[in-house]
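Scroll down for the structure; my scribbles are underneath it.
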Amino acid sequence: MKKIVLIPTYNEKENISLIVHAVLGLSSNYHILIIDDNSPDGTADIVKTLQSKFQDRLFIESRTGKLGLGTAYILGFKWALAKEYDYIFEMDADFSHNPTDLDRLLEACEEGADLSIGSRYVKGGNTENWPLDRKLYSLGGSAYTRLITCMPIKDPTAGFVCYKNKVLAAINFDTINFIGYAFQIEMKFAAWKLGFKFKEVPITFVDRKIGVSKMSKGIIKEAMLGVLSMQWQSATGRFVKSIKRIRVNF
């Protein structure tokens, strides 16, 4: 089974070599695709240097500017589907997600889930080194999302995810509109509406120790408004019709 970890980057020179070595050092034979948004700190150059060491396991797509998390992942999804990967992961570059937990997400999908989620808010999940305001934003956002959408996922904004190929192949990416927290919610909402099975796997999310957080008020606002938009479209019957992929074009 072919497995690839998608890691979007912007100014991650302090973390990128460490995270690449950590993931590719696991015994499960993961591959990595870095999607770099023209990082001015030279992140892409570090990845290109590492490619000579890891050869056919490390890949990079360089973009022209800072175009957003959602569009980076969609580029990665299309790339991975075209290469016929069986399992496709989302993961941060900053060690907020523990690389060893990739195996636990994979196991959940191998045991029957179509989509597994590294969750902070199921039993055994936790956050570490978070300030109080961020905890409140995150918990409040998750509760708000569940209330508005009725989606049975306790951590809908989670960005540590494993998709089976068939889930991404079924979603029309042209209808996925958001770039931050709302992107993560929208992808899970689309998969849920299409009837795919979820499994939340408890993880400890650790706040980054190196580099600068990409969180902003604009991303939080987008999530709040995006949830309302998704639920309205669902209630009117437009959402499921729009997300179904009629044919796959790459």
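Each reported figure results from applying straightforward, stated rules to the coordinates on display, with no laboratory input. Everything numeric in this text was worked out from a predicted model, so none of it was measured. Neighbour counts are summed over all protein chains in view; Cβ atoms, including those assigned to glycine, are modelled from backbone coordinates with ideal geometry.
Quick notes on this one:
- Where Rh is the Kirkwood radius over Cα pairs, Rg/Rh for region 117-188: 0.99
- Residue-by-residue Karplus 3J(HN,Hα) for region 15-27, coefficients 6.51, -1.76, 1.60, Hz, glycine and proline x: 9, 5, 5, 5, 6, 4, 5, 5, 6, 6, x, 6, 7
- Potential lengthening between residue 177 and residue 139 on full extension [0.36 nm per residue; Cα-Cα distance subtracted]: 11.4 nm
- Along each principal axis, Cα extent of region 1-106, largest first, Å: 34, 26, 26
- Square roots of five times the Cα gyration tensor eigenvalues for region 88-144, Å: 23, 14, 10
- Cut-off under 5 Å, modelled amide H: who pairs with residue 2 long-range: 86, 87
- Two-decimal ratio, region 3-243, of alpha-carbon radius of gyration to 2.2 N^0.38 Å: 0.95
- Those GluC sites (Glu not before Pro) in region 78-164 that DSSP places in a loop and that have at most 11 other beta carbons within 10 Å: 84, 111
- Placed amide H near residue 39: partners under 5 Å, 5+ positions off or other chain: 11, 44
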